[in-house]
Every structure is written in C-alpha cells, then in structure tokens.
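Structure, as structure tokens:
The values are calculated or read from the model by the stated rules, or taken from the named source; none is laboratory data. Just so it is clear, the structure is predicted and the values come from calculations on it, not from any experiment. So basically every Cβ, Gly included, is an ideal-geometry build from the backbone, and we count neighbours across all protein chains shown.
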Ligand SMILES: C[S@@+](CC[C@H](N)C(=O)[O-])C[C@H]1O[C@@H](n2cnc3c(N)ncnc32)[C@H](O)[C@@H]1O
C-alpha cells in the first residue's frame, strides 16, 4: 500500500485500525494513570479494562474513570467520539483522546478545543494490525478533558506550594 492509499483509508473509510505508538501511551499513562481504554480490541487494548466495537464504548457510561481514547477515525466518526469524550468529562471522567488536528472541522471547535489541546511537532508513526508502521498523513493532537469538578487545588502538593485556584 502506498502513501496515497493510506490517506484514502484514513480519510475515506477508516478501515485500518491503527494502534497508539507505545512511547506516547507510556508517557501519557505515566501522567494520568489510565483505568479504561474506551476504543479497543482485545489485541490492541492499552488498559486491563477496555471497551470494544461489540461493547460499543460510545454507549457506555465512563463514570469517573481515567480514560484513554484513540478512536476510529473517519468522516462523521471522529466527531461522534470527540463529543462522547467531552460529555463523559462533564459527567466526571478524565478523558485523554488522540485525534487528528482538524482545524476546519465543526467537532474540533465544538469539542476538542474545549479541552487542553497538545500538538506534535512531527507526524506520528502508527502501527497497523499487522505490525507495519506508517507515518500518519495528517497532524495529530492529544486532547485532555478534565472532569467538571477539576481544580488545581485537588493536588495537595500544589496547595502546599502556595498556589491558589
Ligand atoms: C485507533 S484503534 C485504537 C487501538 C488501541 N486502543 C490504542 O489506543 O492503541 C481504535 C479501536 O477502536 C475499536 N472500536 C471501533 N468501534 C468501537 C466502538 N464502538 N466501541 C469501542 N471500540 C471500538 C476498533 O476496533 C479499534 O480497535
């Protein structure tokens, strides 16, 4: 498959399921301590607790879990997951999602930009189902949605340092 075809897969039907680069997940997991992978298969799940296509993570209550979400990408799909990630955070979950940067998409403005958007200098190198690696033909972002009641003062050490929210 050449790079043009990869582009079609990502943007056209989103059929190939690409796993998060392990270094990226490890770095974020060290920061957040994920308890749930909301979009996974038994083969690529990043957490012990995970939802698959059959469970439909979109329909589950994410409660107050600390959620990792690298959703399926595609037209009309990514936005639905971005909305779920945002809404779950309003319900008490901490959610970190990995999505393409789509500065011209409604969902990016309506949901992603309500979180903390972290951008990458380079494009990510994903692994596909067969272990092959592909540079994404788009820029990626990590978006952090804190729960509604989140405050910096939740961290005792920050308080001890004398910071005020
Ligand atoms: C981009 S991959 C992410 C894989 C892995 N969780 C990771 O972060 O490396 C998206 C995964 O979501 C799964 N998926 C698709 N629809 C889903 C749904 N409705 N609920 C939960 N998982 C779903 C796919 O089968 C695929 O394994």
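In region 76-87, is there at least one residue being more than 15 Å from the ligand (Cβ to nearest atom), within 15 Å of residue 148 (Cα to Cα) and crowded, with 19+ Cβ neighbours inside 10 Å?
For region 76-87, residues more than 15 Å from the ligand (Cβ to nearest atom), within 15 Å of residue 148 (Cα to Cα) and crowded, with 19+ Cβ neighbours inside 10 Å: present.
Would you be able to tell me the number of residues in region 46-55 that are within 11 Å of the ligand (Cβ to nearest atom) and not in a strand (DSSP E or B)?
First, pick out the residues of region 46-55 that are within 11 Å of the ligand (Cβ to nearest atom): 46-47, 50-55.
After this cut, where a residue has to be not in a strand (DSSP E or B) as well, the list is 46-47, 53-55.
Residues in region 46-55 being within 11 Å of the ligand (Cβ to nearest atom) and not in a strand (DSSP E or B): 5 in total.
Looking at 138, 34, 108, can you tell me which residue is assigned to a loop (DSSP other than H, G, I, E, B) and within 28 Å of residue 151 (Cβ to Cβ)?
Only one candidate passes the filter, namely 34.
Of all residues being over 12 Å from the mean Cα position of the chain (by Cα) and buried (at least 17 other Cβ atoms within 10 Å of the Cβ) in region 30-45, which is farthest from the ligand (Cβ to nearest atom)? Just the residue, please.
35
Hey, residue 135 hits all of (1) at pLDDT below 90; (2) touching a strand residue (DSSP E or B) at 6+ places or on another chain (Cβ under 7 Å); (3) surrounded by 13 or more Cβ atoms within 10 Å (Cβ to Cβ) but one; which does it fall short on?
For residue 135, the failing item is (3).
Residue 117 passes all but one of (1) within 18 Å of residue 44 (Cβ to Cβ); (2) touching a strand residue (DSSP E or B) at 6+ places or on another chain (Cβ under 6 Å); (3) free of Cβ contacts under 8 Å to residues at least 40 places away in the same chain; which number fails?
(1)
Out of region 33-83, which residues are touching a residue at least 40 places away in the same chain (Cβ under 8 Å) and on the phi > 0 side of the Ramachandran plot?
Of everything in region 33-83, just one residue is touching a residue at least 40 places away in the same chain (Cβ under 8 Å) and on the phi > 0 side of the Ramachandran plot, namely 74.
Would you confirm, using the coordinates I've provided, whether residue 58 is near the ligand (Cβ under 10 Å from one of its atoms), in a strand (DSSP E or B) and either under 14 Å from the mean Cα position of the chain (by Cα) or surrounded by 23 or more Cβ atoms within 10 Å (Cβ to Cβ) (or both)?
So residue 58 does not fit the description; no.
Can you tell which of 73, 18, 86, 9 is modelled with pLDDT under 95 and closer than 22 Å to residue 113 by Cα?
Result: 73 is the single residue among 73, 18, 86, 9 that is modelled with pLDDT under 95 and closer than 22 Å to residue 113 by Cα.
Against the definition (modelled with pLDDT of 95 or more and in contact with a strand residue (DSSP E or B) (Cβ under 7 Å, 6 or more places away or on another chain)), how does residue 124 come out, yes or no?
Working: modelled with pLDDT of 95 or more: no; in contact with a strand residue (DSSP E or B) (Cβ under 7 Å, 6 or more places away or on another chain): yes.
For residue 124, the condition - modelled with pLDDT of 95 or more and in contact with a strand residue (DSSP E or B) (Cβ under 7 Å, 6 or more places away or on another chain) - is not met.
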